[in-house]
1. Keeping to the stretch 75-98, report how many residues are aromatic (Phe, Trp, Tyr), in a strand (DSSP E or B) and surrounded by fewer than 19 Cβ atoms within 10 Å (Cβ to Cβ).
2. Take the residues in the stretch 56-98 that are within 16 Å of the ligand (Cβ to nearest atom) and aromatic (Phe, Trp, Tyr); name whichever of them is nearest to Glu42 (Cα to Cα).
3. Anything in the stretch 63-74 that is surrounded by 14 or more Cβ atoms within 10 Å (Cβ to Cβ) and out of contact with any Asp or Glu (no Cβ under 8 Å at 6 or more places or on another chain)? List them, or say none.
4. Looking at Asp27, is it in a loop (DSSP other than H, G, I, E, B) and of a type in the set (D, E, K, R)?
Amino acid sequence: MSEIDLKPKQKTKVQRPKLYKVVLVNDDYTPREFVVLILKAEFRLDMAQAEVVMMTAHQKGACVVSVYPKDVAETKATRAIDAAGQLGYPLQFTVEPE
Ligand code: TYC
């Protein structure tokens, strides 16, 4: 008896959204405590993660915070930069393809 062919006739291509890195950039003016606060509030890092990311940027110049779809990465980076700017801090985040 011949078997039933259940294979789909066309391959369905699943497009995964491209991910973008949000990178925290060091500066000489933003207080460490404020950087940690922003990482917790906007990027949902816990205290330990926020401290490590902040100190890595402080020592190396920059550190990847997390990866997100493009619009999420851009919104989070913009919100974090704006929050810092409102307090007069020059804190910067960049968004880069993964
Ligand atoms: N370098 C800052 C200071 O000494 C702290 C800091 C850390 C600022 C990381 C920005 O991305 C940064 N007050």
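Bear in mind that the values in this text are calculations on the coordinates, not laboratory data. These figures come from a predicted structure and were not determined experimentally. Please note: Cβ atoms are built from the backbone with ideal geometry, for glycine as well, and neighbour counts cover all protein chains shown.
1. Summing the residues that are aromatic (Phe, Trp, Tyr), in a strand (DSSP E or B) and surrounded by fewer than 19 Cβ atoms within 10 Å (Cβ to Cβ) in the stretch 75-98 gives 0.
2. Per the criteria, the residue is Phe93.
3. Just the residues of the stretch 63-74 that are surrounded by 14 or more Cβ atoms within 10 Å (Cβ to Cβ), to begin with: 63-68, 72-74.
Within the stretch 63-74, Cys63, Val64, Val65, Ser66, Tyr68, Val72, Ala73, Glu74 meet the criteria.
4. Details: in a loop (DSSP other than H, G, I, E, B): yes; of a type in the set (D, E, K, R): yes.
Taking the combined requirement at face value, the residue satisfies it.
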